[in-house]
């Protein structure tokens, strides 16, 4: 739990912390980032011209075991900087209590946002035996429905799972989920803000990959790449968090989530390399890698979203290792048919301090998906195939050409070892930026 207070408004025992420009004095080594202060607390030494210096300072405090603090800073933090300071201190284990010199209204808003994002960060880290495909959809819907009710909005769930008649058209989910005892499903969550009626047009459709555990199937992952695969569901969690936060920020237009959830397991009935599947839009896919399953389930969601004719489609997935190679784990990648990112989305990301990079998507990327036996393969092949762009090229085939579309490869979903900016574990990346984008429309 995160609690924020104006200066000297808390009755708790707090450690006094001052963020101080410059370097520590002798006898400490010049590179030391902290020193005891005269009032029994700590001076944390920073260079406010450094990138995200306030998050780095928070991680220094965490290394000292300080989570209940009375904070002051020689350079006052903006509300956005203070939000990221709080987010950087979060580790999923400790309660956080901070006094800071901001007004009560600003602190209340930051506290609410930080707690919401933290709740979804924790959900992204849950065990796969707890977070099965159907239970993940039900869990996030419960949170969305509760938030919608508090905001005077309406939320509904259409859960399409194995055994249902409508599931037969979910070709990707059906194929990926073959080997699992847990039913794969497509959860469609519709949110209508206060003041709109049931016939309001659909503004934004968001499609998420929710693989609740990914062995890689018969293209089996090595052990070291499998141990964190409970987090392969992160995109559906973060998209749901973004929609909850957007409601709190004043969502005005109708939004819909398409949550494509399955396990990717190994069994005698599982999907095999060489299998061919065919989607309702007549695109046939030769499976040349069962570990490229995310794009198969996203295709189901993108087809459903396109059929509903929204004004904008965004999909998000922990999709490719290539994205982590290209931009690292500190930022996510965005790809679009256009040469530049949607200006409103860019403005939201930049204004919130989200870390991202646009990667290319060109018509020629399709050649790396060529197949002798089907329309395309599900995974890129050939020397020099750019994995993230090729994956986006696959997805593009399932989105109507006249609908604006953005794909996010969520390389910043999870930090196995932490970073100078965040603790180890799920990061909450994109939640604030996407919520701001949705609420501003």
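Structure notes:
- Residue 152 vs. criteria surrounded by fewer than 21 Cβ atoms within 10 Å (Cβ to Cβ) and under 30 Å from residue 197 (Cβ atoms): yes
- Helices (runs of 4 or more DSSP H) wholly inside segment 322-441 containing at least 1 residues that are under 17 Å from residue 242 (Cα atoms) and within 14 Å of the chain's Cα centre (by Cα): 343-352, 431-440
- Set side by side, the residues 123, 107 differ, and just one is in a helix (DSSP H, G or I) and either assigned by TED's automatic domain parsing to the domain that holds residue 247 or surrounded by fewer than 15 Cβ atoms within 10 Å (Cβ to Cβ) (or both), which is 123.
- Test result for residue 269, within 18 Å of residue 184 (Cα to Cα) and either in a loop (DSSP other than H, G, I, E, B) or modelled with pLDDT of 95 or more (or both): yes
- Hey, residue 147 on the phi < 0 side of the Ramachandran plot, in a helix (DSSP H, G or I) and within 20 Å of the chain's Cα centre (by Cα) or not: yes
- Residues of segment 71-91 satisfying the condition of being in contact (Cβ under 8 Å) with a residue 60 or more places away in the chain and part of a loop (DSSP other than H, G, I, E, B): 90, 91
- Filtered by the rule that a residue be in contact with a helix residue (DSSP H, G or I) (Cβ under 7 Å, 6 or more places away or on another chain) and outside any strand (DSSP E or B), segment 12-44 gives a lone residue, 33.
- Cβ-Cβ under 7 Å pairs, at least 6 apart or on other chains, segment 378-406 side at positive phi, far side surrounded by 16 or more Cβ atoms within 10 Å (Cβ to Cβ): 382/368
- All positions within segment 416-436 that are surrounded by fewer than 18 Cβ atoms within 10 Å (Cβ to Cβ) and either touching a helix residue (DSSP H, G or I) at 6+ places or on another chain (Cβ under 7 Å) or under 15 Å from residue 323 (Cβ atoms) (or both): 420
- Looking across 216, 172, 177, one residue alone is at pLDDT 95 or above, closer than 21 Å to residue 128 by Cβ and assigned to a loop (DSSP other than H, G, I, E, B). It is 216.
- Pick from segment 12-60, criterion at positive phi and touching a strand residue (DSSP E or B) at 6+ places or on another chain (Cβ under 9 Å), ranking: surrounded by the most Cβ atoms within 10 Å (Cβ to Cβ): 22
- Residues of segment 296-321 that turn out to be in a helix (DSSP H, G or I) and buried (at least 18 other Cβ atoms within 10 Å of the Cβ), as a count: 11
- Taking the conditions (1) touching a residue at least 60 places away in the same chain (Cβ under 8 Å); (2) in a loop (DSSP other than H, G, I, E, B) in turn, residue 244 satisfies each one other than (2).
The values are calculated or read from the model by the stated rules, or taken from the named source; none is laboratory data. Predicted model only: the values in this text are computed from it and were never measured. Cβ coordinates were reconstructed from backbone atoms using ideal geometry, including for glycine residues, and neighbour counts include every protein chain displayed.
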